[in-house]
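The structure appears below as C-alpha cells.
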Amino acid sequence: MLEMKRIGLLCCVVVACLWGRPQIYADTLPRLGDKTVKEVVSAMTLKEKADLVVGMGMDMPSNDTDTSKEKGEQVANDPKSLVPGAAGVTCPIPRLNISSMVLSDGPAGVRINPTRENDNHTYYCTAFPVATLLASTWDTDLVYEVGEAMGDEVLEYGVDLLLAPAMNIHRNPLNGRNFEYYSEDPLVSGKMAAAMVKGVQSRGVGATIKHFAANNTETNRMSLDTIVSERALREIYLEGFRIAVTEARPWAVMSAYNKINGTYCAQSHDLLTNILRNDWGYQGVVMTDWFAGDDPVAMMKAGTDLIMPGSSEQSAAIETAVKEGRLDQKVLDENVEKILTILLKSPRFKKYAYSNSPDMKKHAEVTRRAAAEGMVLLKNEASTLPLGADIKSIAAFGNTSYDIITGGTGSGDVNEAYSVSLVEGLHNAGYTVDENLNGNYGAYLKAEKAKRPEHGMFDQEVPIAQMELSDSLIEKSAEENDFTIITIGRNAGEFRDRDSGEGDFKLSKTEKSMIERVTHAFHARGKKCVVILNIAGAVETASWRDIPDAILLAWQGGQECGNSIADILSGKVNPSGKLATTFPMTYEDVPSAKNFPGVVTKPLSEKQKKERTTLEAIHGEPSEVTYQEGIYVGYRYYDSFHIPTAYEFGYGLSYTKFAYSDLKLSSKTFDGSLTVSVDVKNTGKTSGREVVQLYLSAPHKDLDKPEEELKAFGKTRLLAPGESQRLSFTLDGRSLASYNSAASSWVAEAGTYTVKIGASSEDIRQQGTFALEKALVVKKTSRALAPGKAIREIKP
C-alpha cells in the first residue's frame, strides 16, 4: 500500500511538472491571436526567440555565401518558397501560431520573380515611376494613390511587408541610388514618404522606410563611416524620417549599411533607441538592411528587432549571449514582442486569400498619370511644345527613344510585363514615326544586345554606344519629317556611384554631336527639336541646353513612360512637375563634390581582394566621408553662397502662366502658429496646375542659417484659364526652429522672419514678414550621435 502511495505521489509530481510546461500540450499553449503577445513570448523557448529575431536567410549568387537557415515547417527549408523572388522571410513557429512574414523590394514596385517552376501563371508587377519623379509632382495625394496601387500588388501577391519607400537625401547628384530617393530637401522627402506609406498601408500591408540614416553613397557603402555634425543630421538627414514616422506610422524602419560617427547604424543605440523611439515615439519594427553590421548581439542591444536576411550563426550568437549573460533576455523579449505585434496585422497571419491577380490595368493608368505629372519642362522656346496640329511625322533619335529606361537597377528594379517606348507612345498618340530610323535603331540595338552576356540584378552594364549617324541619314530625316526628338538616357543602381565625367554626368561627345547635327539639320528647314532626358539623376545641361528648342525631363517614368511623354508632348497633359533636386551648372559647383564618395582608410591588398567571398566583396573596403558642407545641401547652399545653377530647386515650366497675389499672414507676431494664404490665378490660355512653395528666412544671430528653407508646399487643382484658387499654409514652432547642438534642442530665435511664396527657390512672387518676440525652445531632444572629432563645416 505504501508503495502504491509513492507511485501515486510521483505521478502527481510528474503531472504538476508537465502542467508547468505548457509547450508540451498543444491545447494549452498560448497561441498568437488567442492570447496576448506577452503570454506568447513567455511560452517561447530561447532558441525560438533567437530564431524569430533573425530572418531565414537567402541564396546569394555564389555558393560560398548561401545564408539560408533550416527553420520552420511552413517554408520547407526554402525561404524562397512562399513568394519566389521575395527578398526575405521571417521564421515561423507553428506550435504557437506564429506565421512567417514575407518581405519584398522595392521603391518603384514589388520585386518578385515573374515566373515559377511548373506554373503557367505569371506574376508580373507594375513598374511605377521612380521616387525622384514622384517627388517632382509635389502632389502628396497622387503619391498616396501610387502607394495604394503598389500596396494592392503587395497584398494580392502574398507579401506582407514592402521594403519601401527609400528616402535618403540627394546629397550629391552622383549617388547611384538617387532615383530611389525623393529629394535634396527633407520636407519634400518626408511628406512624399508619408504619403507613400499611408497609401501602401491602406491595403492592410506594411511599408518600410529606409535607409536610416545618412546613406548617401554607394561606394563601399557597407564599410563606410559617415562623419557628420549633430545639426546636419537633425536638420537634413533625419528630419524626413521624423516626418514619415510621426505622420504615417510605418510598420517598419530599415537601418542603413553605413556607420555614423564611428558606429554602424544597425548597432547604434543613439540612432535606433534614443532618437527613433525616445525622441520620435516610434512603436514599429526596426530591421537591418541585408547583411548589414558585424555584431548581432550589439544590434539587439541597440534597438534592432529583426536582422535580415539572417543566418544560423547570428541566431546562435544571440542565444549564446543570453545564456552567458551578455544580452539581457528582457531586451530580446522586447524585440520579439515588437515583431509579433506587427505580425498580428499581417495578411499572412490573418490568412488572407491571395488572388495573385491584382488590377494591373488600373495600376498602369495610375502609373501613366503619375509619370506625366512629375515630368519637368526645363525649356520651351517660342512655345515649341505642345506639338501643334501641323506636326504629323516625327524623327526620333537616340537609343532610348527605342529602348526606354523605366527604372533603375538593383533592388529598385521591377519585373514588369511590358514597357512602352517613346516611339510606341508617339504611335499611340497618333503620330507617324520615321520608319527608316526605327528600322536602323531596331537592328542596331538588337545586334548590340546579342553581344552581351546575361547579367544579374545588381550588374550595371556599360550603356550601348549611340548608333553612328551618317549625314545622309540625318538630312533625309530632316527632309521627310515635321519635327525631331532626341532622347538621352542614363541608368544607375546599387553598389556603384555615377561618374562626373563624359558619358554619365556630362553628355558624351557623341551625344553632344548628335544634338548639334540633328538640330542644325531641322533648323535649316524651319523645323524644331526637343531633347528628352530619360535619366536616373541630374546631368550637366549648361553646355548644350541652348541648342534644342525644348527640353523635357522625363526621369524614369515606369512601364507607361512612353505614353506619359507623349501625353506631355501632345498637350494632352500640361506639364506641372517641378524639380525636387537642383541641376548644377557644373559638378564642381556641388557643395559635396570635394568629399564624395569618401576615401578608403584601410586599403586591401590585391591578394586580399582576390581571396574575398562574394559577401566580403560586397562589403567593400573600410572608408570614411566627412560632410563638411553641414546643413548647406542643395538649394540651401546655392542660395546662401550665391552659386548660379542650371535649373534651381522647385523650377519647372508650364504651357500656361500663373499669377500670385493677395498674400496674407494671420498675424504680424508669432504665437504658437501662423497661417499664410495666397491667391494663384491661371493667366494663360491653357488649363494647368501650379506648385506653390513657401520658403522662410530666419534671424541668424545665434546660429548661422541658410538664405531660405522650404517650410510648406501645395499644388493647385487643374485651373482653367482665368480661374483662381486660394492656398493656405500653417507654420508652427518647428517651422521656425533650427537645431542647436550645444543645447540638444530645436530653437527659434527672436526677431523678424520673412515668408517667401514662390514658383521656385529663385522665383519668389510674394513676401511678408512676422516677428517672434522671444526666443522659443520648441523641443528638447536626446544628446545623440555626436561626432568623435571636430568637423570644419563651411559657413556663408
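The values are calculated or read from the model by the stated rules, or taken from the named source; none is laboratory data. Given the structure is predicted, the values throughout are model-derived calculations rather than measurements. Using ideal geometry, Cβ is built from the backbone for each residue, glycine included, and neighbour counts are taken over all protein chains shown. The area values use the complete protein model at the heavy-atom level, side chains included, leaving out ligands, DNA and RNA. Shrake-Rupley method; radii C 1.70, N 1.55, O 1.52, S 1.80 Å.
Numbers at a glance
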{"read-out": "Any pair with Cβ under 7 angstrom, 6 or more apart, that starts in the stretch 698-714 at a residue that is small (Gly, Ala, Ser) and ends at one that is at pLDDT 95 or above and assigned to a loop (DSSP other than H, G, I, E, B)", "value": "698/705; 698/749"}
{"read-out": "Test result for residue 755, touching a residue at least 24 places away in the same chain (Cβ under 8 Å) and buried (at least 18 other Cβ atoms within 10 Å of the Cβ)", "value": "yes"}
{"read-out": "From the options 722, 788, residue that is outside any strand (DSSP E or B), open to solvent by 40 Å² or more (accessible area, probe 1.4 Å) and modelled with pLDDT of 95 or more", "value": "722"}
{"read-out": "Qualifying residue in the stretch 553-567 (condition: open to solvent by 40 Å² or more (accessible area, probe 1.4 Å) and part of a loop (DSSP other than H, G, I, E, B))", "value": "no"}
{"read-out": "Helices (runs of 4 or more DSSP H) (entirely within the stretch 103-208) containing at least 3 residues that are among the hydroxyl-bearing types (Ser, Thr, Tyr)", "value": "131-137"}
{"read-out": "Where a residue in the stretch 459-487 is closer than 30 Å to residue 412 by Cβ and polar (S, T, N, Q) and its partner, wherever it lies, is modelled with pLDDT of 95 or more and open to solvent by 60 Å² or more (accessible area, probe 1.4 Å), with Cβ under 6 Å and at least six apart", "value": "466/510"}
{"read-out": "Residue within the stretch 359-366 that is more than 22 Å from residue 128 (Cβ to Cβ) and part of a helix (DSSP H, G or I) present", "value": "no"}
{"read-out": "Filter result (part of a loop (DSSP other than H, G, I, E, B) and more than 25 Å from residue 588 (Cα to Cα)) within the stretch 508-547", "value": "524, 525, 526, 527"}
{"read-out": "Residue check, residue 657 open to solvent by 40 Å² or more (accessible area, probe 1.4 Å) and in contact with a Gly (Cβ under 6 Å, 6 or more places away or on another chain)", "value": "yes"}
{"read-out": "Search result, residues across the stretch 212-226 that are outside any loop (DSSP other than H, G, I, E, B), in contact with a strand residue (DSSP E or B) (Cβ under 7 Å, 6 or more places away or on another chain) and open to solvent by less than 10 Å² (accessible area, probe 1.4 Å)", "value": "212, 224, 226"}
{"read-out": "Those residues of the stretch 424-450 which are under 18 Å from residue 560 (Cβ atoms) and touching a Ser or Thr at 6+ places or on another chain (Cβ under 6 Å), in sequence order", "value": "429"}
{"read-out": "Failed criterion for residue 325 (all others in (1) in contact with a Ser or Thr (Cβ under 7 Å, 6 or more places away or on another chain); (2) not in a helix (DSSP H, G or I) hold)", "value": "(1)"}
{"read-out": "Test result for residue 147, open to solvent by less than 10 Å² (accessible area, probe 1.4 Å) and modelled with pLDDT under 95", "value": "no"}
{"read-out": "From 364, 389, residue being surrounded by 21 or more Cβ atoms within 10 Å (Cβ to Cβ) and either out of contact with any Gly (no Cβ under 8 Å at 6 or more places or on another chain) or within 30 Å of residue 482 (Cα to Cα) (or both)", "value": "364"}
{"read-out": "Qualifying position, being out of contact with any His (no Cβ under 6 Å at 6 or more places or on another chain), more than 25 Å from residue 44 (Cα to Cα) and open to solvent by 20 Å² or more (accessible area, probe 1.4 Å), among 325, 293, 262, 240", "value": "262"}
